[in-house]
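The values are calculated or read from the model by the stated rules, or taken from the named source; none is laboratory data. These figures come from a predicted structure and were not determined experimentally. Please note: Cβ atoms are built from the backbone with ideal geometry, for glycine as well, and neighbour counts cover all protein chains shown. For the accessible areas, the whole protein counts, side chains as well, though only heavy atoms, and no ligand, DNA or RNA atoms are used. Shrake-Rupley method; radii C 1.70, N 1.55, O 1.52, S 1.80 Å.
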Amino acid sequence: MSASAPPLSRRPWDIVFIVFWAINFGFITYMIDIEQIVIPDPAHFTYPLWPPRFAVDAIHWWARSFDPVVWARAPWYRATIWIDSLAFGPFYLFAIRAFWAGKSWIRIPCFVWAGMMIAIVTIILFEELWGQTPTASPGLVLGANLPWLLFPCAVIARMRRENPFA
């Protein structure tokens, strides 16, 4: 920890960010998103080694029931999944470590992540609500995606100072 960073126990919002990124790393990026990479057509597939069968079934249930964008898996959408897997996944590990230790070098990467996340989620939500594959449950889908708009905004606010952990 840098000399000027208070202990993590005195930075409760940083704990919230760490938990959010840990869930994203372990559950969203490398379970839910990986399923959408290894199964390009959810209507015709063989269960992969990863993610586990229960996760594949849950993702497909969600997609069929509420989220036709996830079911359709258009190329533009799959590109967002690749960005999540190749860029955001590693970012989450670095961000967890930096926030845990109070390292200010994570500030600029946080801005990049937040801007990309806001843009990607906004594009996905426009398709979900008004695109060619709109959801029949807009409130539910909007609510399910809202954390990926709110957390990036909160991270931008958290990182606004040059030395955010001082």
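Within the chain, the longest run free of exposed loop sites, counting trypsin sites (Lys or Arg not before Pro) that sit outside DSSP helix and strand states (H, G, I, E, B) and have at most 13 other Cβ atoms within 10 Å, spans 1-159. Taking every protein chain into account, the accessible area of the chain amounts to 53 square angstrom per residue (probe 1.4 Å). Global dimensions of the chain from alpha-carbon coordinates: Rg and Dmax equal 17.3, 55 Å. Extension gain for Arg97 to Trp61 (0.36 nm times residue separation, less C-alpha to C-alpha distance): 9.5 nm. The charge dipole of the chain, taken about the Cα centre with unit charges on the Cβ atoms of Lys, Arg (+1) and Asp, Glu (-1), comes to about 700 debye, rounded to the nearest 20.
For the chain, hydrophobic long helices are taken as DSSP H runs at least 30 Å long by C-alpha position along their axis with mean Kyte-Doolittle hydropathy of 1.0 or more; these are 107-130. Share of carbon and sulfur in the accessible area of the chain stands at 72%, probe radius 1.4 Å. Extending 7 Å from the Cα toward the beta-carbon at both Ala79 and Arg161 defines two label points whose distance is 3.9 nm.
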